[in-house]
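The values are calculated or read from the model by the stated rules, or taken from the named source; none is laboratory data. Predicted model only: the values in this text are computed from it and were never measured. Quick reminder, even Gly has a Cβ in these numbers, built from the backbone with ideal geometry, and neighbours come from all protein chains shown. The protein model used for the area step is the full one, side chains on, heavy atoms only, and it has no ligands, DNA or RNA in it. Shrake-Rupley method; radii C 1.70, N 1.55, O 1.52, S 1.80 Å.
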Amino acid sequence: TCLVRVTDRKTDLDQDDTSPGLKNEYSRVQSFNADGSRLMARGIDGTWYVYDARTLKPITQVFIAGEPRWDAADPNRFYYTEETRLMVYDLQSGESSLVHDFAADFPDQSLAAVWTRYEGSPSRDGRTWGLMAENQDWLTVALLVYDQQADQVIAKRDLPTPMEIDSVTISPLGDYFLAYYDNYCESGQLGDDANPCGLMVYDRDLTNGR
């Protein structure tokens with residue numbers, strides 16, 4: 001087995017970047033783009049760098065909020081979240097544009113963020129997103145499933161009481177929604193639709209929690 005070092009904090013970081021090192025964002029997040037020509041690395045202080053996956057040299061630093069997820073087909077595009085907005089970044093133009101602002105789907109609420117909370121990804125075809133909406137106290141108030149092709153929230157589940165949820169994601173085929181609740185299940189107990197705990201799975205329409 002050949003192991004190849006990719007990053008070097010002494011040479012790769014921007015001169016104004018105070019990060020003590022670089023890493024892949026998370027173990028469940030894909031670092032490589034659609035054709036394997038680029039990869040994303042995260043500076044420890046929350047900065048982002050795109051590398052040439054063949055030469056392993058940094059190409060550019062991208063100034064985004066967080067949660068970059070490569071487009072499933074276009075190797076030059078990736079998505080990221082910014083407060084209540086899902087954004088897309090084009091590497092060729094170096095510009096960001098809005099995909100959807102979920103604040104419009106919550107007209108009577110003031111939200112801090114709509115995101116996966118770092119660990120989630122869209123479905124394998126890039127069409128379906130599992131997200132959660134957090135209020136200004138960073139407590140989850142709703143779960144939602146977003147169809148990017150239709151540009152529509154196709155399922156929404158309001159929580160009766162705002163609560164802490166570690167992260168959410170959609171399954172690879174987009175059929176199931178997973179939520180990692182911070183309140184763990186007691187030994188021998190299973191979470192259900194009315195009393196969620198631990199790792200919960202819902203159908204695509206956010207019903208039948210178990």
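How large are Rg and Dmax for segment 82-140 when only the alpha carbon atoms are used, in Å?
In order Rg, Dmax, the Cα atoms of segment 82-140 give 12.6, 38 Å.
Would you mind working out the accessible area per residue for segment 136-210, using a 1.4 Å probe, and quoting it in Å²?
On a per-residue basis, 55 Å².
Please report the projected area of segment 143-185's Cα convex hull averaged over all directions, in nm².
Across all orientations, segment 143-185 yields a mean hull projection of 3.8 nm².
Using packing as a proxy for protection, rank 184-197, 150-163, 57-70, 38-51 so that the peptide with the highest average count of other Cβ atoms within 10 Å comes first. Write down the numbers at each step before the final one.
Working: 184-197: 11.6, 150-163: 13.1, 57-70: 16.9, 38-51: 18.7.
The packing order, highest mean first, is 38-51, 57-70, 150-163, 184-197.
Please report the equivalent ellipsoid semi-axes of segment 89-176, computed as sqrt(5 x eigenvalue) of the Cα gyration tensor, largest first, in whole Å.
For segment 89-176, the ellipsoid semi-axes come out as 22, 16, 13 Å.
Beyond 22 Å, what percent of the Cα pairs of the chain remain?
Of all Cα-Cα distances in the chain, 52 percent exceed 22 Å.
Would you mind calculating the relative contact order of the chain from Cα pairs under 8 angstrom and at least 6 residues apart, reporting the percent as a whole number?
The value is 11 percent.
With N set to the residue count of segment 8-123, report its C-alpha Rg divided by 2.2 N^0.38 Å to two decimal places.
1.10
Under the rule of -39500 (n - 2.57) per DSSP H run of 4 or more residues, summed and divided by the residues of the chain, what mean residue ellipticity at 222 nm is obtained, to the nearest 500 deg cm²/dmol? Before the final figure, lay out each step's value.
Working: 1 runs with 4 residues, N = 210.
Calculated mean residue ellipticity at 222 nm is -500 deg cm²/dmol.
Per residue, how big is the convex hull of segment 1-49 when only Cα atoms are used? Give it in Å³.
It comes to 106 Å³ per residue, whole-number rounded.
Once neighbouring chains are kept in place and the probe is 1.4 Å, which whole percent of the accessible area of the chain is contributed by carbon and sulfur?
Accessible surface attributable to carbon and sulfur in the chain totals 46 percent.
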